[in-house]
2 protein chains.
Amino acid sequence: MAKVNQNYLRLPGSYLFSMIGEKVRRYQEQHPNADIIRLGIGDVTQPIAPEVIQALHSAVDEMGEAKTFHGYAPDLGYGFLRSVIAGMDYQNRGCDISAEEIFVSDGAKCDCSNIQEIFSVDNKIAVCDPVYPVYVDSNVMAGRTGEYDPASGRFRDVIYMPCTKESGYVPQLPEEVPDLIYLCFPNNPTGAVMKKTQLQEWVDYASRHGCVILYDAAYEAYIAEADVPHSIYECEGARECAIEFRSFSKTAGFTGLRLGFTVVPKKLEVEGTKLWPLWARRHGTKYNGAPYIIQRAGEAVYSEEGRRQVLAQVAYYMENARIIYDGLKAAGYEVSGGVNAPYIWLRAPGQMTSWEFFDHLLDQAHVVGTPGSGFGPAGEHYFRLTAFGDRQNTIEAVERIRRL
Amino acid sequence: MAKVNQNYLRLPGSYLFSMIGEKVRRYQEQHPNADIIRLGIGDVTQPIAPEVIQALHSAVDEMGEAKTFHGYAPDLGYGFLRSVIAGMDYQNRGCDISAEEIFVSDGAKCDCSNIQEIFSVDNKIAVCDPVYPVYVDSNVMAGRTGEYDPASGRFRDVIYMPCTKESGYVPQLPEEVPDLIYLCFPNNPTGAVMKKTQLQEWVDYASRHGCVILYDAAYEAYIAEADVPHSIYECEGARECAIEFRSFSKTAGFTGLRLGFTVVPKKLEVEGTKLWPLWARRHGTKYNGAPYIIQRAGEAVYSEEGRRQVLAQVAYYMENARIIYDGLKAAGYEVSGGVNAPYIWLRAPGQMTSWEFFDHLLDQAHVVGTPGSGFGPAGEHYFRLTAFGDRQNTIEAVERIRRL
C-alpha cells in the first residue's frame, strides 16, 4: 500500500506566489474593469535584450540543421557558458573559481530548493525571517524542519534569524549553531545588503563551526555601492564553506527563459566528503541540462554589447526603485531597500497586517504587492513592492498609493 | 556541523551514461583517428522539424517585444500546451484525462526522478531488471533502497522483477507486494512491449493492493503494433492507481530542447490523500516552468504539419532499427526489440560480459553501445544499441559489427 510523504502535509497553504496569483485572478474576475498593476511577484517586464534575441535565433537555426544540431547537453552545462561565467563573474572580481566549479541549471529557484538533498535530513537549517519561502518549504518537504507551530508561524526545528529595522534587516550570528545557513544578499524580500566586512564575519563563523552557507546571490547585478560584495567568494575562506546560487532571471530578464547556475567549490567538504561530486551526481541523475539555445542566450549576456544592454535594463528597473522609494517616503511611509536591490520594503500604515494592506491596496488602488508576513512572522506589518514593472505603471502605482 | 546525505555514498560509481561518455572520451583521446559511431546513449541525431523551428523563431521574436514578452510561466505549464496534449494524446485515444491533469516540465528524466519525493521514504519500490538507472538511483538518494549488495549487484530493499528472454522481457506480477511500481513500456533498454491485456493485469494488481504504478511512456511514439497501449490510461481503473510520464525527447527530437510532461489524475489518492495537489505543490515550490519558447515548440509538434514531420523522423529511426535488427540477426546474434521501440537488445557473443563486449566493440569496430549489465544484473551478457543514429552511420556500424 503506497504511502504519501507526510512532510508535504505540514506545509501551510500553498506556495506564496501561487496564492497571490490566485487572489488576483479572482479579484480581476469580479472586477473585470479594474486596471491592475502588478508589483507583487518579482517578474520582469522588459523584453529580452536584442543581442540575446539574436543569439537565440542563431541557436534555433543550428537546431534545425543536422550538422549543427545539439542533443543532450553536457550534464553540468556547456563549456562555452561555464568558462565565460567563471571568467567574468568570478575571476575578474578576484574570486578563485574555475569553470569546472560552475553547474549550469534552469534557474536558482530549482537549485536553491534541490541543494538540501545532498545534505543529511538531520542537518539543522538557519534562515532569515522574513525569508524567500523556497528555502524553508523545500526543507519542510524533506522532513528537516519539524512540526509547524501555528501560534508562532514557525517550524519548531528551524533556527530563525530575525531581520528587523533595528538591525538594518541584516541577521545576527545565531547563538544556537546551525548546520546549514541560508543567506540571500541583496536580500529578497527586504532589499537589504551586507557589506563585505559583515559577510566575512559569517564566513568566519561558518568556518569555525563547520557550517555550510547556502548563498543566494540572485540579485547581485543590482548592487550599486562599492563595499557590497557581489559574490561570497570575495570573502576569505568562503571556498571552504559556501555554495553560491546565481540567476539570469533578474540579471538579464530570463524569468521566462530559465537559466541559472550554482557554484560548488572543489575544495568544499563536509565530514571529509567533497560536495562537488555529490552535486554532480545529482545533476547527472535527476537533471538533463538547460536547453542548448538557452545556454547560448546566456553566453550572449556576457558579450560586450549584451552586457551593455542588460546593464541598461538593470538601470531602468533601479530608476523604478528610486521612484517607488522616493514617492512612498514623501507620502510618509517607512521604506527601505531599493538602493542595491530591486525590492522596496515598506511598513503598512497604522496597525494594518500585511494581508490587510494587500487587500486594501488591491481593492482601493488596484496595485498588487507581496505581504511581508508571507515571508515569515518578522515580516508582519510589512509589504514588498518590486521595481520590475514598466515605468508608466510604476509611476501610476506610486501615484495611486499616495492618493489613498 | 553540516552532514552529507549518506545515501548518496551508496550509489555505486557514476551515472551509467556519464561513465560511458567518459570512457569514450578517453578512447578518442588515445585514438584521435578512430571514427567512432555512437549508438550508446539514446540521443537523437535528426535536426528539429521545420515546423517546430518556425514556432521557436516566432516565440523568440515575441520575447524581444515588451507587448508579447513572457516572464514566469504558469507553474504547471501554459494552457495552450496542456490542452493540446490532453486532447491529442489522451482524449483522442479514449482516455479520460483533462488539461488540468497535465504537468508540463523540462523532461521525463526529471519527473521520473522527482516523483518519488511525494511518497513516504518507507515505500517499497519494484523495478524491472534490467532497468533505466534513474528510477533506482533517485530512490537510493532518497534512502528508500537499503544497502547495496555488491555480490548480487542489487539493493536489499528493492523488489527486482527480472525481464528475461524466457518471459519476452516482460516482468511477472511480484509475489511480495510493493508500494510503488516502476514500469516503462515500450521498454528502455530491451525494446519490449506489453499488450493491453498484459498491462491491464498490472493495473488490476495495483488497484487490488493499493500500489501506485509509475508508468514511463517516453517511447510511446515508436509503437507500431495495434494491440500495444500508448497510455496506461487505456486500461480500466488506471486513473485511480497510475501516474504517467511522457517526453518530447524521442517523439520529436527534443533531447536538447528539454520538454516533457507528467499526468497525475485528479482522482488518484493514497491513504485518502490526493496526489495531484502534492505534485502541484512540488512544481510550485521547486520548479519554475519550462521556457515559454520551448512550450511553443511543443505545441507545434501537434500541428498538422508538425505531426507529419515528427512522424517522418520516427519512421526514419525505425528504419534504422530494422537495419540493425535484421543485420545482426543475419550475423547470428540473438536480438530482440526494435519493432515498437528504438532500442535493439542483443546478446554478447559467447560468454563475454556486457562490459567486455562494450570494450571489444569500441576497440575493434569503433562502435559505442550500452552494456546491458549497466541496467541491472539481469542485463549481464546483453547489450543495447539505439536506432537514433543517422542512416549512413547505422548501416556502417552494422557492417562493422558483422565484420568482427
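A short reminder: the numbers here are calculations on the coordinates, not readings from a lab. Because the structure is predicted, anything quoted here is derived from the model rather than measured. Note: ideal-geometry Cβ built from the backbone for every residue, glycine included; neighbour counts use all protein chains shown.
Just going by the charge dipole of region A:45-178, with Lys and Arg at +1 and Asp and Glu at -1 on Cβ, which of A:116, A:54, A:174 is farthest out on the positive end?
After comparing all options, I get A:174.
Under a point-charge model restricted to the Cβ atoms of Lys and Arg (+1) and Asp and Glu (-1), what is the dipole moment magnitude of the protein assembly as shown relative to its Cα centre, in debye to the nearest 20?
Rounded to the nearest 20 debye, it is 120 debye.
Which net charge results when you count Lys and Arg as +1 and Asp and Glu as -1 among the other residues whose beta-carbon is under 11 Å from that of residue A:68?
Local net charge: -2.
Say a label goes 7 Å from Cα toward Cβ at residue A:157 in every copy; what distances in nm does this one have to the rest, shortest first?
The projected label point of residue A:157 is separated from its counterparts by 1.6 nm.
Using the 7 Å Cα-to-Cβ label point, sort the distances from residue A:80 to its equivalents in the other copies shortest first and give them in nm to one decimal.
2.7
Counting only other chains, what is the mean number of Cβ atoms within 10 angstrom of the Cβ of each residue in peptide A:380-393? Write out the running numbers ahead of the final one.
Details: counts 0, 0, 0, 0, 0, 0, 0, 0, 1, 0, 1, 0, 0, 0.
Across A:380-393, the average partner-chain Cβ count within 10 Å equals 0.
Checking the a/c ratio against 1.5 first, then a/b against b/c, what shape does the Cα gyration tensor give for region A:225-300?
Oblate.
For chain B, what does the relative contact order come out to in percent, with C-alpha contacts under 8 Å and a separation of six or more?
22 percent
How many times 2.2 N^0.38 Å is the alpha carbon radius of gyration of region B:251-404?
Compared with the compact-globule rule of thumb, region B:251-404 sits at 1.36.
Reported to two decimal places, what Rg/Rh ratio describes the protein assembly as shown when computed on Cα atoms with Rh from the Kirkwood expression?
So for the protein assembly as shown, dividing Rg by the Kirkwood Rh gives 0.97.
Using the Cα centre of region B:275-376 as origin and beta-carbon charges of +1 (Lys, Arg) and -1 (Asp, Glu), tell me which of B:320, B:337, B:290 is placed farthest towards the positive end of the dipole.
Farthest towards the positive end: B:290.
How large is the dipole of region A:53-304 about the Cα centre if only Lys and Arg carry +1 and Asp and Glu carry -1, each at its Cβ, rounded to the nearest 20 debye?
With Lys and Arg at +1 and Asp and Glu at -1, about 400 debye.
With just the Cα atoms of region A:53-304, tell me how far they stretch along each of the three principal axes, in Å, largest first.
59, 39, 36
What ranking, highest mean first, results for peptides A:373-384, A:28-39 when packing means the other Cβ atoms within 10 Å averaged over each residue?
Listed from highest to lowest mean packing, they are A:373-384, A:28-39.
Please compute, for peptide A:137-146, the average count of beta-carbon atoms on other protein chains lying within 10 Å of each residue's beta-carbon.
Shielding by partners across A:137-146 averages 2.
My understanding is that a pair violates if its Cα-Cα distance is over 21 Å; which of B:165/B:329; A:266/B:3; A:286/B:286; A:124/A:274; A:109/B:266; A:250/B:250 do that in this structure?
Numbers: B:165/B:329 15 Å; A:266/B:3 17 Å; A:286/B:286 13 Å; A:124/A:274 19 Å; A:109/B:266 26 Å; A:250/B:250 33 Å.
Pairs exceeding the cut-off: A:109/B:266; A:250/B:250.
What ranking, highest mean first, results for peptides A:267-280, A:133-146 when packing means the other Cβ atoms within 10 Å averaged over each residue?
Values: A:267-280: 16.9, A:133-146: 21.6.
Per-residue mean Cβ counts within 10 Å order the peptides as A:133-146, A:267-280.
Does region B:40-110 classify as rounded, prolate or oblate by the C-alpha gyration tensor (a ≥ b ≥ c root eigenvalues; a/c under 1.5 gives rounded; else a/b over b/c gives prolate, otherwise oblate)?
Cα axes put region B:40-110 in the oblate bin.
For peptide A:51-64, how many partner chain Cβ atoms fall within 10 Å of a residue's Cβ, on average?
Values: counts 0, 3, 5, 2, 1, 8, 5, 0, 3, 12, 4, 3, 10, 9.
For peptide A:51-64, the averaged partner shielding equals 5.
List, in order, the whole-Hz ³J(HN,Hα) value for each residue of region A:294-304 obtained from phi through the Karplus relation with A = 6.51, B = -1.76, C = 1.60 and θ = phi - 60°; use x for Gly and Pro.
Result, ordered by residue: 6, 5, 5, 4, x, 4, 5, 4, 8, 5, 4 Hz.
For the protein assembly as shown, with the dipole built from +1 on Lys and Arg beta-carbon atoms and -1 on Asp and Glu ones, taken about the Cα centre, which of A:134, A:310, A:397 lies farthest toward the positive end?
A:310
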